[in-house]
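Heads up: the structure comes next, in structure tokens.
All of the numbers you see were taken from the coordinates with simple rules; none came from a lab. The shown structure was predicted, so the numbers you read here are calculated from the model rather than taken from an experiment. Here the Cβ is made from the backbone with ideal geometry for all residues, glycine too, and neighbour counts use every protein chain on show.
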Amino acid sequence: MTDFWRPVSAGVASVVAGVGVAELVSAFVVQNGSPVLTVGALVIDLAPPWLKEGVIAVFGTGDKAFLIVSLAVVVLVGAGVAGWLERKRPPLGRILIGIGGAVGVLAALTRSGSGIVDAVPSALAAVVAILLLGWLAGMLRGTEPSRVAPGGRVSRRRFVGATAATAAGGAIALVLGQVIAGGFRAATATRAAIRLPAAAKTAPPIPAGASFDIPGLSPIVTPNADFYRIDTALQIPGIAPQDWRLRITGMVEHEVELTFAQLLALPLEESTTTLTCVSNEVGGDLIGNATWLGYPIRHLLAKAKPSADADMVLSTSQDGWTASTPLPALTDERNAILAVGMNGQPLPLEHGYPVRMVVPGLYGYVSATKWVVSLEVTRFDRHTSYWTDRGWSERGPVKLSSRIDVPAAGRQVNSGTVAVAGVAWSQHVGVSAVQVRVDDGPWQAATLADAISPDTWRQWRFGWDATPGTHTLRVRATDANGLVQTAVERDVVPDGATGLHTIQVTVA
Ligand SMILES: Nc1nc2c(c(=O)[nH]1)N[C@H]1C(S)=C(S)[C@@H](COP(=O)(O)O)O[C@H]1N2
Ligand SMILES: [Mo]
């Protein structure tokens with residue numbers, strides 16, 4: 001290698017490694033924050049129409065590939081220049097890489113719907129490349145003869161080896177990142193293209209009286225973007241709908257297999273159901289309410305004809321996670337569904353796209369399998385599931401509970417009438433009353449908003465005549481069977497927390 005190619009290769013190797021690491025990290029963390037693709041998207045947005053049309057005219061459907069290749073050439077030439085500059089005038093090369101990283105960050109931040117986290121991969125790419133270039137350029141300087149070391153402190157072979165290893169490591173990370181994120185990105189694209197059919201049976205309209213207009217109170221329907229997310233998936237499964245199949249097997253008379261197109265062709269039903277996580281602490285926020293579009297699982301099981309001695313359905317997600325659901329919860333009249341839609345949208349990828357289960361009345365860990373691909377009809381004494389193997393209860397009915405949303409805990413309010421409000425739930429049973437207790441006073445009735453159905457949470461409000469000082473507020477609910485929420489405090493393990501949500505409020 002000549003004096004020209006050595007610094008240039010150091011620049012290229014550093015940038016390849018930086019981008020490679022960032023692509024790999026983004027595949028796991030940001031899902032769609034690929035630095036190269038975000039810059040590509042920005043270029044598409046900024047390119048004048050004549051250029052876009054010209055490129056499409058010449059390359060046709062290869063226009064995206066052309067863009068990526070052009071971008072790669074620009075990045076690699078820039079990287080070579082950075083290496084060369086770093087050799088001539090340090091730290092100009094590293095500054096150039098920093099500028100490149102800043103372009104990536106800007107590109108990420110200007111994407112619609114992007115957040116600060118989307119800028120992480122580009123920033124990371126620049127930082128890694130800058131560190132590596134500093135290291136390689138230092139080594140390269142060390143190869144030069146000096147008075148103390150006429151042959152150079154560092155052998156040229158070591159420099160070449162380090163540069164090659166950096167480039168190779170980066171290339172491997174880059175390819176790995178693409179492979180890992182590929183399915184997710186493809187699924188994102190198919191989701192954007194899906195048109196869900198209209199419901200054959202729409203959900204009863206949400207009564208106007210179901211929500212109070214109180215700032216800080218949880219909205220009666222949780223927007224998808226705010227819906228809690230709990231799963232074990234480090235990488236969200238990317239399932240193309242045309243590849244999706246559901247298989248119903250096990251103790252059945254007829255095995256059933258269903259494609260996504262077949263599922264969408266069935267008469268889909270809408271239902272509003274509140275989902276809760278067994279790990280929700282008293283007062284916690286691992287709960288959300290959505291209007292789901294899906295097909296009743298009981299109809300599919302009726303086709304499969306489970307044998308009389310079966311008592312459980314083991315559902316499996318594409319990534320191998322499992323849930324064990326009591327068979328009756330899937331065959332009785334409740335709205336246990338295979339859901340494809342959430343609040344008028346195809347399921348978001350993180351909420352189980354393209355298909356998940358939603359079963360009113362049961363905690364998610366025993367029922368709400370996302371990315372579901374198989375239902376095995378079986379028995380509790382034959383199979384266990386992901387969380388029941390880890391110390392959680394075999395049965396997971398949702399426990400009656402309630403929460404104070406406003407005032408927020410620890411908040412200071414002014415004396416006078418203060419709106420206290422929150423939500424209460426006992427899915428599949430329903431809530432019939434909510435009471436509030438101030439300090440050691442009596443339990444007082446709160447006003448309930450209208451119920452949507454027994455399967456959803458219910459808002460409540462209480463006009464509190466607040467006097468100056470620090471006060472304790474507690475809430476408890478009563479379910480439709482007259483059961484009063486217990487004050488006994490229990491941890492979330494093994495079958496859900498109990499106790500009363502209690503907050504301190506300072507009144508000025
Ligand atoms: N495939 C899969 N499905 C899953 C889980 C999971 O880890 N993997 N977690 C379950 C749990 S514990 C809960 S509470 C709900 C949460 O659903 P959400 O993330 O859509 O709110 O999904 C359930 N479905
Ligand atoms: Mo959960």
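Look at the alpha carbon pairs under 8 Å that are at least 6 residues apart: their mean separation over the length of segment 208-390 gives a relative contact order of 26 percent.
Extending 7 Å from the Cα toward the beta-carbon at both A192 and L266 defines two label points whose distance is 3.0 nm. Couplings 3J(HN,Hα) for segment 258-269, derived from phi with the Karplus relation 6.51 cos²θ - 1.76 cosθ + 1.60 (θ = phi - 60°), are 9, 9, 5, 5, 5, 5, 5, 7, 6, x, 7, 10 Hz, where x marks Gly and Pro.
May I ask for the percentage of alpha-carbon pairs in segment 401-507 that lie more than 24 Å from each other?
Numbers: 1287 of 5671 pairs.
So the portion of pairs separated by more than 24 Å is 23 percent.
The Kirkwood radius of the chain, taken over pairs of alpha-carbon atoms, gives through the Stokes-Einstein law at 4 °C and 1.567 mPa s a diffusion coefficient of 49 µm² s⁻¹.
Around the amide H of M251, modelled in the peptide plane, lie the amide H atoms of V377, T378, all under 5 Å away and 5 or more residues distant in sequence or on another chain.
Rounded to the nearest 10 degrees, the angle from helix 156-193 to the longest Cα principal axis of the chain is 40 degrees.
Just how far, in whole angstrom, is segment 130-174 from segment 396-446 if you go by their alpha carbon centroids? Taking the Cα centre of segment 130-174 as reference, the centre of segment 396-446 is 65 Å away.
Using just its DSSP H runs of length 4 or more, each adding -39500 (n - 2.57), the chain gives a mean residue ellipticity at 222 nm of -11500 deg cm²/dmol after division by all residues. Relative to the longest principal axis of the Cα atoms of the chain, the long axis of helix 63-88 makes an angle of roughly 50 degrees. Annotation: amide H-H contacts under 5 Å for G152 (H modelled 1.01 Å from N, sequence separation of 5 or more, or interchain): S146.
Modelled spin labels at H254 and I95, positioned 7 Å past Cα toward Cβ, are 7.5 nm from each other. A straight line joining the Cα centroids of segment 41-108 and segment 296-340 runs 51 Å.
Summary value for segment 30-149: 31 percent relative contact order, contacts being C-alpha pairs under 8 angstrom separated by 6+ residues. Qualifying trypsin sites (Lys or Arg not before Pro) in segment 401-508, where qualification requires a DSSP coil assignment and no more than 16 other C-beta atoms within 10 Å, comprise R411.
Annotation note: GluC sites (Glu not before Pro) in segment 171-264 located in DSSP loop regions with a Cβ neighbour count of at most 15 within 10 Å are E253, E255. Taking a straight line from the alpha carbon of K64, these lysines sit under 17 Å away, with near neighbours fewer than eight places off in the same chain left out: K52. Straight Cα distances below 16 angstrom link K88 to the aspartates and glutamates D3, E144, with same-chain residues fewer than 8 positions distant left out.
Taking 18 Å as the straight-line reach from the Cα of K305, the aspartates and glutamates in range (excluding those fewer than 8 positions away in the same chain) are E253, E255, E257, D332, E333, E376.
Under 5 Å between amide hydrogens, built in the peptide plane, is the criterion, and for Q235 it picks out nothing among residues at least 5 positions away or on other chains. Here the spin labels are modelled as points 7 Å beyond Cα on the Cα-Cβ line, and at Q444 and V73 they lie 7.6 nm apart. For segment 103-140, the residues whose backbone nitrogen is under 14 Å from a point 7 Å from the Cα of Q345, taken along Cα to Cβ, are 112-115. Each listed q (0.10, 0.16, 0.19 Å⁻¹) maps to a log10 I(q)/I(0) for segment 19-136, found by the Debye formula over equal Cα scatterers with no solvent: -0.33, -0.79, -1.02. Taking 4 °C and 1.567 mPa s as conditions, segment 208-390 diffuses translationally at an estimated 77 µm²/s according to Stokes-Einstein applied to its Kirkwood radius (Cα pairs). Short to long, the 5 Å bins of the Cα pair-distance histogram for segment 346-464 hold 2, 9, 14, 16, 14, 13, 11, 9, 7, 4, 1, 0, 0 percent of all pairs.
Applied to segment 133-140, the Karplus parametrisation 6.51 cos²θ - 1.76 cosθ + 1.60 on θ = phi - 60° returns per-residue 3J(HN,Hα) values of 5, x, 5, 5, 5, x, 5, 4 Hz, with x for Gly and Pro. Put in line by how crowded their Cβ is, counting other Cβ atoms within 10 Å and starting with the fewest, S453, S415, S426 read S415, S453, S426.
Net charge dipole, the chain: roughly 2100 debye, given to the nearest 20, about the Cα centre with Cβ charges of +1 for Lys and Arg and -1 for Asp and Glu.
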